[in-house]
Amino acid sequence: MNGAREKWTSKVGFVLAAAGSAVGLGNIWRFSYVTGTNGGAAFVIIYLVAIVLIGYPMMVTEVAIGRKSEKNPVGAFKALAPNTPWWLVGALGVFSGFVILSFYSVVAGWSVAYIFKAIAGFIPDTDFAGVFVGHITSTGAPIIWHAIFMVLTAGIIAAGVVKGIQRWVKILMPVLFILLIILVLRALTLPGAGEGIAFYLAPRFGDVTAGTLLAAIGQAFFTLSLGMGAMITYGSYLSNQENIADNGGWVVGLDTAIAIVAGFAIFPAVFAFGFDPAAGPGLVFITLPAVFAEMPAGSLFGFIFFVLLSVAALTSAISLLEVVVAWLVDEKDWPRVKAAVSMGIVIFVIGLPTTLGFGVWGDVRIIGMEILDFYDFLASELALPIGGALTAIFAGHVWKARTVVDETNSPPGAIKIGNWYGVLIKYVIPIAVFLVLLFTLIDFLG
Ligand code: PHE
């Protein structure tokens, strides 16, 4: 691309776009089932520690790398450390973009399908688990919704992200938040809600394993769109007039608040309706419809909820595709439209095994996991933490912590990154992530 790089056009443009990337299926669908399968409150506390000690510092680091280099992840490492192999970290990020978007689009497709199930009506005493399993094990419908979702994602990216995303997230994010609060109030007043709140708030640290720690770190990276260069890419469109420490704080704060609030909507309801919180990836698609079925005008709320969940997923999917497209546009001189359309098709195809894995390929296991679980594990628990730890080492030791601090504090804002940053980015983050990966590997092999 010739000339000056495209920049977010309004002052809040970056925060809204980055929050749009961060707030997605990870906050509602993934957060609730990972919390459920990892024992609840103890997981939530470790996740919050990971957000503060790893998530926020990594957020400002990635944005700073992007803004300074004005490049996609591969180009960014090349620009800041020419003639070194560090660009491979960016390449790992682009790879993660392919893998995450391929299954993300399948799950987003479920959400779109549920918009129409809501229109048909959520009726009390329905076997919602049966409805969900019936949907995901079928062959045609999930593939069609996956395709439609990819067409929307690629279409927006092909048209250029800035204006479309900014306008949409500005309207939809606050509405999603308000709807979640309505759901929380409803869920908290259900008979039997207390047990769910206890599960969510009363930690049993005895249940914590290396696997729990890795799940919390993986979730922190996933929900904040970190470790694969999405925030490097969005940071590359950020003007020098914006303070990174403050903007990063807004993005991390909004994302965390929405995840925590979503938990208050979901766990009380799960227990009130006698579901198993460890139900796995189906949790919100089974439980929330059951809650809606009990609410006055519940199908209407369900309709709005799944529209907004789908849109939240869309604003995240866009950022995933943007990483891949920015790489092709910057590094390979591809026209944006060609990159968006062709990569949309490639990612659609890569996603097919994850949906077939619930149906006709139902017996397929990769290292003991269903295909979607394997993709998610590969990306969220391996590629993102490894990419993130390597980015931290790069920022702390190669580009230098001092440089990152100066970049994030310029121009001066309300939050000032201090010396603690260097300790976290140079030592705490890489060592913690690699130790947890090592222990998980030992667990896995032993
Ligand atoms: N943060 C998004 C979510 O929570 C997922 C995502 C991961 C988006 C990585 C971009 C990059 O749903």
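Quick one: order 371, 442 by neighbouring beta-carbon count within 10 Å, fewest to most.
Working: 371 21, 442 10.
Taking fewest neighbouring Cβ atoms as first place, the list is 442, 371.
Under 26 Å Cα-Cα from residue 416, which lysines qualify once same-chain neighbours fewer than 8 residues away are excluded?
Of all the lysines, those that pass the test against residue 416 - Cα under 26 Å, at least 8 places apart if same chain - are 7, 11, 68, 71, 400, 426.
Ordered by residue, what ³J(HN,Hα) values in Hz, to whole numbers, does segment 60-69 give under the Karplus form 6.51 cos²θ - 1.76 cosθ + 1.60, where θ = phi - 60° and Gly and Pro are x?
5, 5, 5, 4, 5, 4, x, 5, 5, 8
Normalise the Debye intensity by I(0) for the chain, one equal point scatterer per Cα, no solvent, then take log10 at q = 0.09, 0.13 Å⁻¹ and round to two decimals.
With one equal scatterer per Cα and no solvent, log10 I(q)/I(0) is -0.53, -1.15.
Would you kindly derive the ³J(HN,Hα) couplings of segment 390-395 from the backbone phi angles with the Karplus curve 6.51 cos²θ - 1.76 cosθ + 1.60 (θ = phi - 60°), listing them in order in whole Hz, with x for Gly and Pro?
5, 4, 5, 4, 4, 5
Residue by residue, what Karplus-based ³J(HN,Hα) values in Hz, rounded to whole numbers, does segment 117-132 have, using 6.51, -1.76 and 1.60 with θ = phi - 60° and x for Gly and Pro?
Karplus values, whole Hz, x for Gly and Pro: 5, 5, 4, 5, x, 8, 9, x, 6, 6, 7, 5, 5, x, 4, 5.
Pick from 187, 22, 317 the residue whose mean-square fluctuation is largest in a GNM of the chain, springs joining Cα atoms under 10 Å.
Top of the fluctuation ranking is 187.
Can you tell which of 181, 408, 225 lies farthest toward the positive end of the dipole of the chain, using +1 and -1 charges on the Cβ of basic and acidic side chains (Lys, Arg; Asp, Glu)?
The residue sitting most towards the positive pole is 408.
Looking at the square roots a ≥ b ≥ c of the eigenvalues of the Cα gyration tensor of segment 179-254, which shape do they give, rounded for a/c under 1.5, prolate if a/b is larger than b/c, or oblate? Before the final figure, lay out each step's value.
Details: a/c = 3.43, a/b = 1.63, b/c = 2.10.
Note, shape of segment 179-254 comes out oblate.
Taking Cα atoms, how many degrees apart are the long axis of helix 140-159 and the longest axis of the chain, rounded to 10 and kept between 0 and 90?
It works out to around 30 degrees.
With +1 on the Cβ of every Lys and Arg and -1 on the Cβ of every Asp and Glu, and nothing else charged, how large is the dipole of the chain about its Cα centre, in debye rounded to the nearest 20? Write out the running numbers ahead of the final one.
Numbers: 22 positive and 24 negative charges, 250 e Å.
Value, rounded to 20: 1200 debye.
Taken together, the values in this text are just the output of simple stated rules run on the coordinates, not laboratory data. None of these values were measured; they are calculated from a predicted model. FYI the Cβ positions are ideal-geometry reconstructions off the backbone, even for glycines, and counts take in every protein chain you see.
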